[in-house]
Amino acid sequence: MNNIPAFGLGTFRLKDRQVIDSVTNGLELGYRHIDTAQIYGNEADVGKAIAAAKVARQELFVTTKIWTENLSKDKLIASLKESLAKLQMDRVDLTLIHWPAPNDSIAVATYMEALAEAKAQGLTKLIGVSNFTIAHLKQAIDAVGTGEIATQQIEIHPFLQNRKVVDFARSQGIHLTAYMPLAYGKVMTDPVIVEIAGAHQANPAQIALAWSLQQGFATIPSSTKRANLESNLAARDILLSDAEMDAIGRLDRNDRLANPDFAPQWD
């Protein structure tokens, strides 16, 4: 097992006081998996919140991600050391390649090998990838082996289920982490999810998260509100029936939210 906690706290789009409060509240409520990235511009504030919390470092699982500008062999490890300095840590638990190099200007093998070297140097406990297509995943596997890839983090929610990539990753024994699991709040108004929520005396966010967890994904919702951070955790106690899982499964409409201009050609 790669021991990535199934439930985590995302920090995308959270800045300054907002991210400090979110992480502080999250840690107080029992979150132990915190996800950040170089491009979020909040590693220092995440580090500040963690340092101020009364949680032992070994109880925490902290992920960061290498930005596209730092994928070259000479930049990757130096950039990770900068991230560690901001986070006030000797090492992180997981480091991901955030996106494949735009237009494949750098070979996947180049940055995967540099990432494996960062692990060998003790800068990160585990390594993995994010936003990789099947083709990129195959190249990553060729470069470092499936056993080295702790997770593939991709956008997965009821409206974008990414099944081709999920099926391929699973066929290789690669664990999946679902980001944007609430589809920026779109799950809150979907009639199917609202109806299932009513049956469970839950809210739609909890249902969407339970759907994700039940498939074995690690799931990293974010929130700025303590009440939402708390209620999201309750998703772990919800068991959806096969019929409910199927009903949510039918909501897939390839509704991709994270699609910057440098994104790869999706499967």
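So what is the accessible area of the chain per residue, in Å², with the probe set to 1.4 Å?
Working: 11590 Å² over 267 residues.
Value returned for the chain: 43 Å² of accessible area per residue.
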Item checked: Interchain or long-range residues, amide H under 5 Å from Phe61's placed H -> His33, Ile34
Check: So what is the relative contact order for the chain, in percent, with contacts set as C-alpha pairs under 8 Å and at least six apart?
Finding: 19
Next item on the list: Sequence neighbours fewer than 8 away in the same chain don't count; with that in mind, list the lysines whose C-alpha is under 25 Å from Lys86.
Entry: Lys15, Lys48, Lys54, Lys65, Lys73, Lys75, Lys119, Lys125, Lys225
Notebook entry, point to check: Tell me, what is the FRET efficiency for Val194 and Asn3 to the nearest 0.05, using R0 = 41 angstrom and their Cβ-Cβ distance as r?
Noted result: 0.75
Next item on the list: Grab the DSSP H runs of the chain that are 4 residues or longer, score each as -39,500 (n - 2.57), total them, divide by all residues and round the 222 nm result to the nearest 500 deg cm²/dmol.
Entry: -11500 deg cm²/dmol
Checklist line | Loop-resident sites, region 70-169, for trypsin sites (Lys or Arg not before Pro), counting at most 14 other Cβ within 10 Å (DSSP) | finding: Lys73
Notebook entry, point to check: Roughly how many percent of the accessible protein surface of region 18-106 is carbon and sulfur, given a 1.4 Å probe and a whole-percent answer?
Noted result: 46
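Counting other Cβ atoms within 10 Å, which trypsin sites (Lys or Arg not before Pro) in region 182-267 have at most 15 and lie in a DSSP loop?
Here the sparse-neighbourhood loop sites are Lys225, Arg250, Arg253, Arg256.
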Next item on the list: Could you work out the local net charge near Ile238, counting Lys and Arg as +1, Asp and Glu as -1, over the other residues with Cβ closer than 15 Å to its Cβ?
Entry: -4
Item checked: Computed lengthening from Asn103 to Leu29, 0.36 nm per intervening residue step minus Cα-Cα distance -> 22.5 nm
Notebook entry, point to check: Rounded if a/c is under 1.5, else prolate if a/b beats b/c, else oblate: with a ≥ b ≥ c from the C-alpha gyration tensor eigenvalues square-rooted, which is region 97-218?
Noted result: prolate
Item checked: Net lengthening on full extension, Ala56/Ala85 (0.36 nm per residue, minus Cα-Cα) -> 8.6 nm
Check: Rounded, prolate or oblate: which fits region 182-263, taking a ≥ b ≥ c as square roots of the Cα gyration tensor eigenvalues, rounded meaning a/c under 1.5, else prolate when a/b beats b/c?
Finding: oblate
Next item on the list: With a/c under 1.5 counting as rounded, go ahead and sort the chain into rounded, prolate or oblate using the C-alpha gyration tensor (a ≥ b ≥ c being the square roots of the eigenvalues; past the cut-off, prolate if a/b is larger than b/c, else oblate).
Entry: oblate
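Antiparallel DSSP bridges in the chain: what percent, to the nearest 5?
5
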Margin query: Within 15 Å, Cβ to Cβ, of Ala150, how many net charges do the neighbouring residues add up to if Lys/Arg are +1 and Asp/Glu are -1?
Written below: +2
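Around Met89, under 13 Å between beta carbons, what's the net of Lys plus Arg minus Asp minus Glu among the other residues?
Charge balance near Met89 sits at +2.
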Checklist line | Hypothetical label at Asp267: residues of region 80-103 whose amide nitrogen lies under 18 Å (7 Å Cα-Cβ projection) | finding: 97-101
Notebook entry, point to check: What percentage of the solvent-accessible surface of region 192-267, computed with a 1.4 Å probe over protein heavy atoms, is contributed by carbon and sulfur atoms?
Noted result: 44
Next item on the list: Return the whole-Å distance between the Cα centroid of region 211-261 and the Cα centroid of region 137-158.
Entry: 21
Note to self: Give the lysines reachable from Lys138 as a straight Cα distance under 19 Å; neighbours fewer than 8 places away on the same chain don't count.
What the structure shows: Lys164
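The values are calculated or read from the model by the stated rules, or taken from the named source; none is laboratory data. Everything numeric here is computed off the predicted structure, so don't read it as measured data. Positions of Cβ are backbone-derived with ideal geometry, glycine not excepted, and every protein chain shown enters the neighbour counts. For accessibility, only protein heavy atoms count, side chains too; no ligands or nucleic acids. Shrake-Rupley method; radii C 1.70, N 1.55, O 1.52, S 1.80 Å.
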